[in-house]
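Just below is one structure, and these are the notes that go with it.
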Amino acid sequence: MTQTSPSPAEQPPLLLHNGTIHSTAEPYAEAMLVRDGQVAWLGSEETADQLSLQEGTLRQDLDRALVTPAFVGMVGLDAQQAAAATVAEVLDVAAGRLGCGAVRLRITIGVEDLSGEGAQQVQSLLHPALRAAADHPVDVWPVIALRGVAADGGAPSISPVNTALDLLDGLDDLGRPVALCLTFSEVLANLLGARSWCAEAGRQLLIDCADQDPGAVVDAMATTQKHLRELKQTPSPATPTVLVGFDSAEQQHWEQLLSTGAHVLLTSPGHLAAALRVGVPTAAAPAEGENPWALVSAHVHHPEDPVSVRAGFNAQTRSAYRSLPGAAADAGQLNPGATATFALWEADQLAVQTPNSTVAAWSTDTRARTPLLPYLDGVTNPLLKSTVIAGERL
């Protein structure tokens, strides 16, 4: 007889101690109590000793490991690869090797796949894949990327977008609502129509802007946003438009983008500092299979626009959740009451590291209440020890 693992609510309380817990609520926490899949308490080693006396509480010695909120990653497959077993495998890698507790799962289909009875065939392929994603411990936000649109300014040229939106309606019952991703250059001639249809459908739109002229992207977003306001069809704040791979060295572009309500997802080292100065909601996700700390380090050591380790880390955790529809307000944080989704890391040194890595406060003023993170020298990165999602270790 196969024995199933107990649900988080049935698990005994777990006390993690003798480590460093990255929490904004308790910046100098050395221990954390997890109960029913949530963070129940954070505090000192001394208080942890008292809590461990409570009957039924399990103890885990962290051996000085660093505990941080888990990262948000992005993984991609094409429709033919998206079998249930393959989806489960890539999610296992994201969590077990890279410390991701949530991912955007992007499945690519072509316009040609939607012709004739193709849409039904695609839907039959995607159904088991998205079911496997919904059943996996990793929190999955699915995205269907449509390629091959040839917009010419008229509505008929972007009809595949409408077909794709209809297809997605039949997949929402498998978990989270599915977002749609379009390529900027393919839909530029009728970006307004594509954005309008997605807004009307209540569907989040991601726009792949990698390698595109940032000025052209900003102009198109500003122009279409103006018309959408006039039509009273602006995207809901709950499903913001996300510009995937956008970046610019010009602060003016970020300032123009701010008025559009769009979010940005950096997929390679970019001008994160400029985005943060202006206030554009900006997240980051590393290349598939890459240690997330490598992208944090690249932003810290960016030759033109360096940021602190904290800013680079937040872009891949707390900020990354903000552009995900329906994400909890406290997602990406280890504070009391939040879901206990975190990663354990082995790091040589912890610090409050400022841009350029030339200044690091090894012994911080406790009044600053700044939680510690790994010191990133641009060469070595922290080593993942384990990943825990909603209180359960993978």
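Can you find a residue that is β-branched (V, I, T), assigned to a helix (DSSP H, G or I) and under 19 Å from S323 (Cβ atoms) anywhere in the range 209-220?
Within the range 209-220 (the criterion being β-branched (V, I, T), assigned to a helix (DSSP H, G or I) and under 19 Å from S323 (Cβ atoms)), the answer is yes, since at least one residue qualifies.
So which residues in the range 239-273 are of a type in the set (A, V, I, L, M), surrounded by fewer than 22 Cβ atoms within 10 Å (Cβ to Cβ) and in contact (Cβ under 8 Å) with a residue 24 or more places away in the chain, if there are any at all?
Matches in the range 239-273: A249, A273.
Is there a residue being modelled with pLDDT of 95 or more, in contact with a strand residue (DSSP E or B) (Cβ under 8 Å, 6 or more places away or on another chain) and among the β-branched types (V, I, T) anywhere in the range 360-381?
For the range 360-381, residues modelled with pLDDT of 95 or more, in contact with a strand residue (DSSP E or B) (Cβ under 8 Å, 6 or more places away or on another chain) and among the β-branched types (V, I, T): absent.
Mind checking which residues of the range 38-75 are under 28 Å from G289 (Cβ atoms), crowded, with 17+ Cβ neighbours inside 10 Å and not aliphatic (A, V, I, L, M)?
Within the range 38-75, T68, P69, F71, G73 meet the criteria.
Does the range 232-239 contain any residue that is among the hydrophobic types (A, V, I, L, M, F, W, C) and not in a loop (DSSP other than H, G, I, E, B)?
No, the conditions are met nowhere in the range 232-239.
Any residue at all in the range 163-182 that is among the aliphatic types (A, V, I, L, M), touching an Asp or Glu at 6+ places or on another chain (Cβ under 6 Å) and buried (at least 20 other Cβ atoms within 10 Å of the Cβ)?
There is no residue in the range 163-182 that is among the aliphatic types (A, V, I, L, M), touching an Asp or Glu at 6+ places or on another chain (Cβ under 6 Å) and buried (at least 20 other Cβ atoms within 10 Å of the Cβ).
Among what's in the range 322-356 and is at pLDDT 95 or above and hydroxyl-bearing (S, T, Y), pick the residue that is surrounded by the most Cβ atoms within 10 Å (Cβ to Cβ).
Top of the filtered list is T341.
Filter the range 285-296 down to residues that are surrounded by 23 or more Cβ atoms within 10 Å (Cβ to Cβ) and of a type outside the set (A, V, I, L, M) and give me whichever is nearest to A210 (Cα to Cα).
For the range 285-296, the residue satisfying everything is P286.
In the range 376-393, what residues are farther than 24 Å from Q349 by Cβ and without any contact (Cβ under 8 Å) to a residue 24 or more places away in the chain?
R393, the sole residue that qualifies.
Checking the structure you have, find out if any residue of the range 110-118 is at pLDDT 95 or above and either in contact with an Asp or Glu (Cβ under 8 Å, 6 or more places away or on another chain) or under 26 Å from P237 (Cα atoms) (or both).
Taking every residue of the range 110-118 in turn, none turns out to be at pLDDT 95 or above and either in contact with an Asp or Glu (Cβ under 8 Å, 6 or more places away or on another chain) or under 26 Å from P237 (Cα atoms) (or both).
Are there any strands (runs of 3 or more DSSP E) wholly within the range 59-151 with 2 or more residues that are touching a strand residue (DSSP E or B) at 6+ places or on another chain (Cβ under 7 Å) and within 19 Å of G245 (Cβ to Cβ), and if so which?
Qualifying strands (runs of 3 or more DSSP E): 71-78, 100-110, 139-147.
The values are calculated or read from the model by the stated rules, or taken from the named source; none is laboratory data. This structure is a prediction, so every number in the text was calculated from the model and none was measured. Note: ideal-geometry Cβ built from the backbone for every residue, glycine included; neighbour counts use all protein chains shown.
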